[in-house]
């Protein structure tokens, strides 16, 4: 079937890129503030390279997950899911090669970063690659949320701290607890929507284990608790007070949660909530990054 350039781009699920990119953007800006505060050297080139590599890692992971969901019968025609394979637009071979190409680009950039830094970069890269490649298997066994938190928050943020200032800055883990839950909420909204089809396919996601009702409460916690953790970080002196600018995104978070709250007590799924949550993540994280940047300027 003939495909346009737009078809290839849409197959990567570009709306989901905030899940990976924002972890690097926020942690890089945070490390910039840390470096400025402590007199460390900040390697901004490594931060940019890490950002590009993370996006390609996610593209590879998205496509690999779509391939496995199709082959395993999890995604079927007519369902509210990724349709690049079920629609017949792409073949299994095309998606497999596309995924491999994306992973190859990410690994090539990772090699450049490794040559500019040291062996811990290799450890972070290999762990991230393993989680991306085997994400489908972990998701099918109710470990998807934990995997996403590790892959798109903990590992990239610790890694970004190392490649930018030459040391692992452990306080960045608090930032992972601020940004990571919103990323997890993107996945969880998707899996909560797919509970009926996933159950019919014989897999077990974390949303299925929790049930639809509990998943709605869990979603609310993932998208609202980060604001409280951010305040704690500011009070503790881990973050600059300017990071509180991220609260500008709170009305957007409340709006989405009102939609979810309206579904309480019903069996209606999270239709469209995953895309809205990705947009929330972009807004929240960009504001947070801006707060760190302003904090650098005011030092």
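The values are calculated or read from the model by the stated rules, or taken from the named source; none is laboratory data. Remember, predicted model here, so these are calculated numbers, not experimental data. A quick note on method: Cβ atoms are made from the backbone with ideal geometry, for glycine too, and the neighbour counts reach across all protein chains shown.
The table for this structure:
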quantity	calculated
Residue in the stretch 219-228 that is modelled with pLDDT under 85 and at negative phi present	no
The stretch 112-129: number of residues that are more than 14 Å from residue 49 (Cα to Cα) and either at pLDDT 95 or above or within 19 Å of the chain's Cα centre (by Cα) (or both)	5
Residue tally, condition modelled with pLDDT of 70 or more and either surrounded by fewer than 17 Cβ atoms within 10 Å (Cβ to Cβ) or over 23 Å from the mean Cα position of the chain (by Cα) (or both), over the stretch 53-86	2
Tabulated pairs, the stretch 2-18, first at positive phi, second surrounded by 13 or more Cβ atoms within 10 Å (Cβ to Cβ) and part of a helix (DSSP H, G or I), C-beta under 7 angstrom, 6+ apart or interchain	13/62
Some residue of the stretch 254-272 being closer than 20 Å to residue 175 by Cβ and touching a residue at least 12 places away in the same chain (Cβ under 8 Å)	no
Qualifying residue in the stretch 216-227 (condition: surrounded by 16 or more Cβ atoms within 10 Å (Cβ to Cβ) and over 24 Å from residue 174 (Cβ atoms))	yes
Check on residue 21, in contact with a helix residue (DSSP H, G or I) (Cβ under 7 Å, 6 or more places away or on another chain), modelled with pLDDT under 95 and either surrounded by 21 or more Cβ atoms within 10 Å (Cβ to Cβ) or under 22 Å from residue 109 (Cα atoms) (or both)	yes
Odd one out for residue 109 among (1) over 16 Å from the mean Cα position of the chain (by Cα); (2) buried (at least 18 other Cβ atoms within 10 Å of the Cβ); (3) modelled with pLDDT of 90 or more; (4) more than 14 Å from residue 163 (Cβ to Cβ)	(4)
Set 244, 187: member being buried (at least 22 other Cβ atoms within 10 Å of the Cβ) and in a helix (DSSP H, G or I)	187
Test: residue 214 is in a helix (DSSP H, G or I) and under 19 Å from residue 143 (Cβ atoms)	yes
Residue check, residue 132 under 16 Å from the mean Cα position of the chain (by Cα), crowded, with 24+ Cβ neighbours inside 10 Å and modelled with pLDDT of 90 or more	no
